[in-house]
Structure formats: structure tokens, C-alpha cells
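As C-alpha cells, the structure follows; a few thoughts come after it.
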Amino acid sequence: MKNILLLFLASTSLVACMTKEKCEQIDWSRRGWDDGRSGSYASIGSDAGTCRDFGVKVDNEAYASGYAGGIKEYCTYTSGLEAGQRDAYYHNQCPKDLEPAFLSGYNVGKAEHQQKQLREEQEKLRLQNEEIIRQNEALKRQNDELLRKRRGY
């Protein structure tokens with residue numbers, strides 16, 4: 001119950017942050033471009049609903065136009081490479097005509113990421129192996145010492 005109350009308070013405080021004045025100042029084209037350039041799905045978001053509640057017109061066409069420009073900048077070989085290197089999940093958001101370039105970079109980046117993970121795991125195993133060897137050597141020294149004491153050396 002406490003968690004539900006906290007979630008409710010957090011969600012209402014986020015809605016309360018959006019004012020009518022802020023709604024009137026939103027550049028919907030820029031918002032769409034930002035969403036597209038970041039590789040997000042085209043989603044005008046909860047701000048649009050809040051703004052509509054305030055009676056402020058939401059410019060869906062400007063958002064869509066901005067998004068189309070932003071997604072073109074995102075769906076490149078370089079962005080795909082960077083996304084793959086970050087191990088980001090690809091959600092098929094690139095238009096079909098831009099997807100081959102993006103996926104080409106993405107696949108290279110994913111392979112690089114996997115190679116990096118493999119190298120890191122190999123290094124961890126190497127360090128663990130060295131530690132096991134050190135511990136075995138210490139146990140052998142202790143065992144040798146115990147044998148010497150038993151034999152009276």
C-alpha cells in the first residue's frame with residue numbers, strides 16, 4: 001500500500017510539473033526530432049495528453065515531421081555501430097529504406113561488444129586462476145611445513 005501511495009504521489013507530481021504555459025511553449029517539431037534522433041519510437045507522449053487537458057493544441061503534424069527528420073539522422077551506420085557497442089536493443093524503429101545501413105553498423109557494434117565482454121570474462125577467469133594457484137601454493141607450503149614438524153625436521 002505504501003508503494004502504491006508513493007507511485008501515485010510521484011506520478012501526480014510529474015503531471016503537476018507541466019503547466020499550461022509550458023505546453024504553449026513546446027516546439028512539437030523539435031520534440032519529434034529529438035525523439036527520432038534518440039532512436040525512440042514515434043510517441044508524442046504523456047505531455048501531449050496533459051497539454052490537451054489544458055486546452056492547448058498539440059501539433060501532431062509538426063511532431064511527425066520532426067520525428068521523420070530525427071529518425072533519418074539516427075538510422076545510420078554510425079548510430080547503429082554506437083548502439084551495438086552499447087548493447088542497446090534494436091526495436092525495428094528505422095524505416096525499411098534506412099534499416100540496412102543502421103543494421104550493418106549495429107551488427108558490427110554488437111560483435112565488438114560481445115568480443116569486449118568475452119575479453120573481460122577471460123581476464124576475470126585468468127585472475128581467478130592466478131588466485132587459485134597462489135592459494136594452492138600457500139596450502140602446499142603449509143602442508144610441507146606440517147610434514148616437516150611431524151618428521152621432526
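The values are calculated or read from the model by the stated rules, or taken from the named source; none is laboratory data. Model, not experiment: these values are computed from the prediction. In this analysis, Cβ positions are derived from the backbone assuming ideal geometry, glycine residues included, and neighbour counts consider all displayed protein chains.
For this structure, a couple of remarks:
- The number of residues in the stretch 42-64 that are assigned to a helix (DSSP H, G or I) and either in contact with an Asp or Glu (Cβ under 9 Å, 6 or more places away or on another chain) or at positive phi (or both) comes to 4.
- Taken as a whole, the structure leaves GLU112 outside the set of residues that are over 30 Å from CYS75 (Cα atoms) and in a helix (DSSP H, G or I).
- Being over 30 Å from TRP28 (Cα atoms), charged (D, E, K, R) and at pLDDT 95 or above is a property that GLU120 has.
- Residue in the stretch 70-84 that is farthest from ASN107 (Cα to Cα), counting only those that are β-branched (Val, Ile, Thr) and assigned to a helix (DSSP H, G or I): ILE71
- Every condition in (1) aromatic (Phe, Trp, Tyr); (2) assigned to a helix (DSSP H, G or I); (3) loosely packed, with under 15 Cβ neighbours inside 10 Å holds for TYR67 except the one numbered (3).
- Evaluation of ILE132 against the conditions (1) farther than 30 Å from SER38 by Cα; (2) surrounded by 15 or more Cβ atoms within 10 Å (Cβ to Cβ); (3) β-branched (Val, Ile, Thr) shows that the sole unmet condition is (2).
- Of all the listed residues (ASP97, ASP87), the sole one being in a loop (DSSP other than H, G, I, E, B), farther than 30 Å from LYS20 by Cβ and in contact with a helix residue (DSSP H, G or I) (Cβ under 6 Å, 6 or more places away or on another chain) is ASP87.
- Unmet criterion (only one of (1) over 30 Å from THR19 (Cβ atoms); (2) at pLDDT below 95; (3) among the aliphatic types (A, V, I, L, M)) for LEU81: (2)
- Check on GLY39, surrounded by 13 or more Cβ atoms within 10 Å (Cβ to Cβ) and either assigned to a helix (DSSP H, G or I) or modelled with pLDDT under 80 (or both): no
- Condition met for LYS72 (surrounded by fewer than 13 Cβ atoms within 10 Å (Cβ to Cβ) and either of a type outside the set (S, T, N, Q) or touching a His at 6+ places or on another chain (Cβ under 9 Å) (or both)): no
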